[in-house]
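Undergrad: Shown below is the structure under consideration.
What follows draws every value from the coordinates through simple rules; no lab data is involved. Remember, it's a predicted structure, so these values are computed and weren't measured experimentally. Reconstructed Cβ throughout: ideal geometry from the backbone, glycine too, with neighbour counts over all protein chains shown.
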Amino acid sequence: MKNISSIQSGEKLRIFLIILLLFSSKPNFSQWMQGGSVSGLGSWPSIFVLDINTIFIVGGQTGPVIWRSTNGGINFSQLPTNGLPTSSSGRFLTCVWATDVNTIFAGDGATTGNGLIKNAKVYRTTNGGTNWTTILNTGTNVYGFINGVVFSRTNTNLGVANSDPNSTTEDFKTWKTTNGGANWTLYLASAPNSCGAQNSVFLIDENFFGFGLNTANARVAITTNGGVNYMFCNLAGAGGDNGFVSTVAFNDDKLHGLAGTSQTSTTIARTTNGGVNWFSQTIPGTITGHCNIKWVPSTPAVYLVISSSSATQCFKSIDNGSNWTAITFPGGASGIAHADLIYSLTERYLENESYIFAANSSGSVYFMHESPMPVSLYSFTYSVSGRNVNLKWATSEELNNKGFEIHRKNHASENEWEVTGFVNGAGNTNTMTNYEFNDRNLSGGRYFYRLKQIDFNGNFEYFNLNGFAEISNPGKFVLSQNYPNPFNASTKISFEIPENGFVSLKIYDILGKEIASLINENKNAGYYEVRFSNENIPSGTYICKLSMKNSTAVKRMLYIK
């Protein structure tokens, strides 16, 4: 529920709603731009992003309003409210979620007072907002406030909805669905003398979910058995425990979690054991304000936004909240109340791109492109020694990095890139990491190289070597000893020729009889390698003879059958 008492008297909040679409593989840059505009949001709107094009914003001043963009926040259109409360009902939409473009869920509460209203409801449309029906309610004479409706991003059949108690002596209501909202099961949670917090509901899987609390010592409610029982966690002594808990977020591992409040400043609450214990985590904040925290799914990357009535700060962590770096927020952005995150692999013409959308209570919508690379390449160099190319590269920061494929392409051919090796990455680190790979026994020519950085989710990006590595042609005529020798099934024969010309490479038995002709054609200067195998010859000594113009070289080979 909203907490008017936690806001200083006379303070006018201009609510910004932020969507963090994270995890990019392009160079870092951030740029805020003016988007579309909406109206009638009231002081406590909520936002949801279905994909990079489809955005929903809900709120209301005297009655519910819902807006939708289908072009990434450039333009918005107001959806019908058929089946929703009337414009003079004193209700507004407190939260919104969509499982597809047609199926949208929203909850409500009172626009005045502490937000509690008789028969608080959850609504659903299955035709893109043309018509709405009530699917959940707290009861005809039972007060409530819908703090959130949240579905799994990976399993849209799984969702939860949460409402405040009828009074401070009664139970929280949490409904759960496992079939996309067709049916719901009610679970009760008792936390005396407390109420909930709008948009603090979180969901990891069917068993692990919860919500934030307002005026009680117990600050976060967590269930690990699907709502049957709740663990009420006391954040006293943990950072930012003043004000109501405005945000709770967990990594998919269900161990690392963070919580912030409506009066977060220099610390937040952090857990590394699934919420059993919480401790104070320092953040580089310099203002006091409303906090929102959002995790990038299946990674240790997490974003945090703090906003007061006059300024906003944003921070990013790539190690589950242990260390934080600042992301510049534009001057004048203030009063941000809610954040949402979507991890999009391929949207529009970009891959793994990040966008932040913001809308204030007067209806202005802004968006920022925030593109944090999973791997920041500091350097990529090479050196040549004989027929070998030594590649070295260094990273200054890595996020979820599985490793690097090494790709090579010969300048003399139009062949596709070929994979020549793989080097394991460091996973997650914000310190300098050095790597090295040796590409050996190359033929003469120019070689281009690139790194294919791959994360643990299968996403990738390329880093190209500046210029090319050149292997010089051999300076003399050489036939190397075959390997292995003696040999059984087959053996490798290597040779070098310093100029272009006709080349003959033949195998003879000890009596001088030709056994095989391996090469009998023109060759360019360079390094060559062929393989000889013949199961039809008897064991014994054989002669390998290389001829070119006036040069001849021979080697003895021992075959053991």
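Undergrad: Using a simple spin-label model with points 7 Å from Cα along the Cα→Cβ vector, what separation in nm is obtained for residue 483 and residue 515?
TA: Here the answer is 2.1 nm between the modelled labels.
Undergrad: Here is a follow-up. Which value in nm describes the separation of the simple spin-label points at residue 534 and residue 394, placed 7 Å from the Cα toward the beta carbon?
TA: In this crude label model, residue 534 to residue 394 measures out at 5.5 nm.
Undergrad: Given +1 on the Cβ of Lys and Arg, -1 on the Cβ of Asp and Glu, and no further charges, what dipole in debye does the chain carry about its Cα centre, rounded to the nearest 20? Could you put the intermediate results ahead of the total?
TA: Working: 38 positive and 36 negative charges, 147 e Å.
With Lys and Arg at +1 and Asp and Glu at -1, about 700 debye.
Undergrad: Another one. Taking only C-alpha pairs under 8 Å that are 6+ residues apart, what is the relative contact order of the range 187-291 in percent?
TA: Details: 285 pairs, mean separation 21.7, N = 105.
Reported as a whole number, the value is 21 percent.
Undergrad: Under the 0.36 nm per residue contour assumption, what length would be gained going from the current alpha-carbon distance of residue 492 and residue 51 to full extension?
TA: Details: separation 441, 0.36 × 441 = 158.76 nm, distance 5.56 nm.
Using 0.36 nm per residue and subtracting the Cα-Cα distance, I get 153.2 nm.
Undergrad: Could you work out how much longer the chain between residue 100 and residue 39 gets when fully extended? Use 0.36 nm per residue separation minus the Cα distance between them, nm to one decimal.
TA: Values: separation 61, 0.36 × 61 = 21.96 nm, distance 2.42 nm.
Computed gain between residue 100 and residue 39 is 19.5 nm.
Undergrad: Name all residues of the range 374-401 having a backbone nitrogen under 15 Å from the label point set 7 Å from the Cα of residue 466 along its Cα→Cβ direction, giving them as ranges.
TA: Those under the cut-off are 377-383, 392-394.
Undergrad: Something else now. Taking the Cα-to-Cβ direction at residue 554 and at residue 86 and moving 7 Å from each Cα, how far apart do the two end points lie in nm?
TA: 11.1
Undergrad: Given H placed 1.01 Å from N in the peptide plane, which residues other than close sequence neighbours of residue 403 have an amide H under 5 Å from its amide H?
TA: It is 425, 454, by chain and number.
Undergrad: Excluding same-chain residues fewer than 8 positions from residue 506, which lysines have a Cα within less than 21 Å of its Cα?
TA: Those lysines meeting the cut-off are 476, 492, 523, 545, 549, 555, 561.
Undergrad: Just subtract the alpha-carbon distance of residue 417 and residue 126 from 0.36 nm times their residue separation and send over the number in nm, one decimal.
TA: Values: separation 291, 0.36 × 291 = 104.76 nm, distance 4.77 nm.
The span from residue 417 to residue 126 would gain 100.0 nm if fully extended.
Undergrad: Express the relative contact order of the range 500-561 as a whole percentage, based on alpha carbon pairs under 8 Å and six or more residues apart in sequence.
TA: Working: 111 pairs, mean separation 22.1, N = 62.
That works out to 36 percent.
Undergrad: I need the Kirkwood Rh of the range 34-104: take the reciprocal of the average 1/r across all distinct C-alpha pairs and report it in angstrom.
TA: Numbers: mean 1/r = 0.0819 Å⁻¹.
Mean inverse Cα-Cα distance, inverted, gives 12.2 Å.
Undergrad: Another one. Considering the Cα trace of the chain, what is its radius of gyration and what is Dmax, both in angstroms?
TA: 32.7, 109
Undergrad: Hey, another quick one. Give me 432, 557 ranked fewest to most by other Cβ atoms within 10 Å of their Cβ, as a rough exposure proxy.
TA: Lowest count first: 432, 557.
Undergrad: Residues with amide H under 5 Å of residue 84's amide H, sequence separation 5 or more or different chain, H placed in the peptide plane at 1.01 Å from N; which?
TA: Close amide H contacts, sequence-distant or interchain: 132.
Undergrad: Continuing with the same structure: Quick one: Karplus J couplings for the range 462-470, per residue in order, coefficients 6.51, -1.76, 1.60, θ = phi - 60°, nearest Hz, x for Gly and Pro?
TA: Values, residue by residue: 9, 10, 9, 6, 6, x, 9, 9, 10 Hz.
Undergrad: Report ³J(HN,Hα) in whole Hz for each residue of the range 313-326, in order, from the Karplus equation J = 6.51 cos²θ - 1.76 cosθ + 1.60 where θ = phi - 60°; Gly and Pro get x.
TA: For the range 313-326, the Karplus curve yields 10, 10, 9, 10, 10, 10, 9, 6, x, 6, 10, 9, 10, 7 Hz.
Undergrad: Once you keep just the Cα pairs under 8 angstrom separated by 6 or more residues, what percentage relative contact order results for the chain? If you can, show how the numbers build up before the last one.
TA: Values: 1695 pairs, mean separation 63.6, N = 561.
Relative contact order for the chain comes out at 11 percent.
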